[in-house]
Amino acid sequence: MQKTQLFDLDGKVALVTGASRGIGEAIAKLLAQQGAHVIISSRKIDDCQQVADAIVAAGGKASAIACHIGEMEQIGATIETIRSQFGKLDILVNNAATNPHFGNVLDTDLSAFQKTVDVNIRGYFFMSVAAGKLMRENGGGVILNVASVNGMVPAMMQGIYSITKAAVINMTKVFAKECAQFGIRCNALLPGLTDTKFASALVKNDSILKPALARIPLGRPADPSEMAGTVLYLVSDASSYTTGTAINVDGGMLA
Ligand SMILES: NC(=O)c1ccc[n+]([C@@H]2O[C@H](COP(=O)([O-])OP(=O)(O)OC[C@H]3O[C@@H](n4cnc5c(N)ncnc54)[C@H](OP(=O)(O)O)[C@@H]3O)[C@@H](O)[C@H]2O)c1
């Protein structure tokens, strides 16, 4: 009996935003392990290059491109670089996001609001548009949006961030419905509490962590690597009939 090829990514080109650390790095490493050439992207090229070098040292294929997804011209330039280097893009993982406001919703200032919307909504949207056009030229591809459980149930003190994550879940359905005709699937991952720099304010503070864990049936935060398997499923042929969906990976929190 042969092992399944459903999770093979040989010959695929994948762009992962926010891949210099945390969940994005874990996703990038698993996609590379499955055979994809992974483009590691974030604002800081040196951090991206380090992750790419580690993948190459382990026998995988990877390169690095700096891209601030809140800057429109950098999104266009990134996709054009990928077009000229590879001629195609098979997989886009929209993962980089920001959460500058931690406090009551009434205290949200305009600059935090603007930054959160520009990165988490406009960035995901126009990265999907630019990547989607390249995918359409090549007969299809897969988009995976890293949203959050906060997009389903807003977390206290994280109002505008939660609102943008709800938008990402809706955006996932929009792209799924309108781009299926171009051979493009689009799905979302909804991580729960995951032990990364992003969540360090929660994970490292006992008075916040304890009540948070009480709401998680598995009783612990996730390791970033525990997000990657669901992403592999959603970007590979194993999920060829799945589009427009969002999968909670939250230790049972939303249950
Ligand atoms: N950790 C959690 O508990 C949790 C829960 C639910 C959802 N999520 C979601 O998971 C995703 C990844 O979060 P994480 O926890 O892995 O965070 P993280 O460890 O802080 O990593 C964030 C990554 O995004 C990059 N980045 C930040 N702002 C960027 C920008 N404007 N443009 C391009 N890259 C940018 C960072 O690198 P540079 O600094 O070099 O740009 C880094 O590579 C986010 O979408 C987040 O909302 C996380």
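Note on region 133-255: semi-axes of the ellipsoid equivalent to its C-alpha gyration tensor, largest first and rounded to whole Å, are 30, 15, 11.
Modelled label positions at residue 4 and residue 53, each set 7 Å beyond Cα in the direction of Cβ, lie 3.7 nm from each other. Applying the Karplus relation 6.51 cos²θ - 1.76 cosθ + 1.60 with θ = phi - 60° to region 150-156 yields 3J(HN,Hα) values of 4, x, 9, 10, x, 8, 4 Hz, where x marks Gly and Pro. Each label was represented as a point 7 Å from its Cα along the Cα-to-Cβ direction; for residue 46 and residue 200 these points are 1.7 nm apart. Ranking 253, 127 by solvent-accessible area of protein heavy atoms (1.4 Å probe, all protein chains present), from largest to smallest, gives 253, 127. Accessible area per residue for the chain, computed on protein heavy atoms with a 1.4 Å probe, is 48 Å². Pairs exceeding a 18 Å alpha-carbon distance, out of 29/88; 29/61; 12/61; 115/165; 12/88; 12/177: 29/88; 12/177. Per the Debye formula with a single identical scatterer at each Cα and no solvent contribution, what log10 I(q)/I(0) holds for region 40-137 at q = 0.11 Å⁻¹? At q = 0.11 Å⁻¹ the computed log10 ratios are -0.40.
Just the number, please: carbon plus sulfur as a percent of the accessible area of the chain, 1.4 Å probe, no ligands or DNA/RNA counted.
Details: 6680 of 12120 Å².
Looking at the chain in its full context, I get 55 percent from C and S.
Among residues other than residue 172 whose Cβ falls under 13 Å from its Cβ, what is the net charge (Lys/Arg +1, Asp/Glu -1)? Mind dumping the intermediate values first?
Values: positive: 165, 173, 177, 185; negative: 178.
My count for the surroundings of residue 172 gives +3.
With each label modelled as a point 7 angstrom along the Cα→C-beta vector, the residue 80-residue 215 pair spans 4.4 nm.
Answer rounded, prolate or oblate for region 12-91, using the Cα gyration tensor with square roots of eigenvalues a ≥ b ≥ c: rounded when a/c is under 1.5, else prolate when a/b is larger than b/c, else oblate. Don't skip to the answer; put the middle values down first.
Details: a/c = 1.86, a/b = 1.27, b/c = 1.47.
Oblate shape, in that a/c is at least 1.5 and b/c is the bigger or equal ratio.
For residue 225, the accessible surface of its heavy atoms amounts to roughly 70 Å² (probe 1.4 Å, protein chains only, rounded to the nearest 10). Cα centroids of region 6-59 and region 77-149: 17 Å apart. Computed with every protein chain present, the accessible area of residue 125 is close to 80 Å² [probe 1.4 Å].
Relative to the first principal axis of the alpha-carbon coordinates of the chain, what is the inclination of helix 72-86, with its axis defined by its Cα atoms, in degrees from 0 to 90 and to the nearest 10? Tilt relative to the chain: about 30 degrees. With a 1.4 Å probe rolled over the protein heavy atoms of all chains, the accessible area of 29, 197 falls in the order 197, 29, largest first. Across the alpha-carbon atoms of the chain, the computed radius of gyration and Dmax are 17.4, 60 angstrom. Once all protein chains are placed together, residue 122 keeps about 80 Å² accessible to a 1.4 angstrom probe.
Quick one: order 161, 233, 241 from most to least accessible surface, probe 1.4 Å.
On the way: 161 20, 233 75, 241 215 Å².
I get 241, 233, 161, largest accessible area first.
Put simply, the convex hull of the Cα atoms in region 188-255 casts, on average, a shadow of 4.9 nm². What is the local net charge at residue 68, summed over the other residues whose Cβ is closer than 14 Å to its Cβ (Lys, Arg +1; Asp, Glu -1)? Around residue 68, the surrounding residues sum to 0.
The values are calculated or read from the model by the stated rules, or taken from the named source; none is laboratory data. Quick caveat, the model's predicted, so the values are computed rather than measured. When we count neighbours, we look across all protein chains shown, and the Cβ atoms used for this are built from the backbone with ideal geometry, even at glycine. Areas reflect the complete protein model, heavy atoms only, side chains present, ligands, DNA and RNA absent. Shrake-Rupley method; radii C 1.70, N 1.55, O 1.52, S 1.80 Å.
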